[in-house]
1. Conditions: (1) at pLDDT 90 or above; (2) in contact with a Lys or Arg (Cβ under 6 Å, 6 or more places away or on another chain). Residue 124 meets all but one. Number of the miss?
2. Cβ-Cβ distance below 9 Å, separation of 6 or more or different chains: which pairs start in region 122-139 with a residue that is at positive phi and end on one that is part of a strand (DSSP E or B)?
3. Does residue 42 fit the bill of being at pLDDT 85 or above and of a type in the set (Gly, Ala, Ser)?
4. Of everything in region 106-139 that's of a type in the set (D, E, K, R) and surrounded by 16 or more Cβ atoms within 10 Å (Cβ to Cβ), which residue is farthest from the chain's Cα centre (by Cα)?
5. Residues of region 96-139 being part of a helix (DSSP H, G or I) and among the β-branched types (Val, Ile, Thr), which ones?
Amino acid sequence: MAAHLPFTKVLTGMQYPTDHVVAALSERFEAARIAEELLHYGFAPQHIRLIPSEKAQNLFASYHNDHRLLKSLKEFIAQVASDEGDYYLAYEREAQHGDDLMAIYAPRPPLVDRACDVLKAHHAHAMKFFGRWTVSPLH
């Protein structure tokens, strides 16, 4: 499960997963089951990305280490003007609690619905859809 789709870099320097459903998984073994089911429903393998909690924690730590005054100012502006900071902090907390993260490329509403249904069936949580202009919680 690897993605060749780059995420969009935003003002704060974080990666924004445009047109992706992102969720946290408490049970790593569920990731393979989720991927199999998504493949069955027509998702391409390169559109399913698992980020193990250890790797996610390293990515967040690297981001914090590279964060300097200018980036801090940009982050402050982004937090005032958008919801960028909120999703970043929420997923960082999930990774710190040992949850893996999964990102699924879903550029159309039926794909978002299908990905959400599969994730829910496997007890994923903190599900959000990252559209071009908005971040929407999924239930």
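1. (2)
2. Final answer for the pair search is 123/25; 126/22; 126/23; 126/24; 126/101; 126/137.
3. Yes: the conditions hold for residue 42.
4. Among residues in region 106-139 that are of a type in the set (D, E, K, R) and surrounded by 16 or more Cβ atoms within 10 Å (Cβ to Cβ), the one farthest from the chain's Cα centre (by Cα) is 114.
5. 112, 118
The values are calculated or read from the model by the stated rules, or taken from the named source; none is laboratory data. What you are looking at is a predicted structure, and each value in this text was computed from that prediction instead of being measured. Cβ atoms come from the backbone with ideal geometry, glycine included; neighbour counts cover every protein chain shown.
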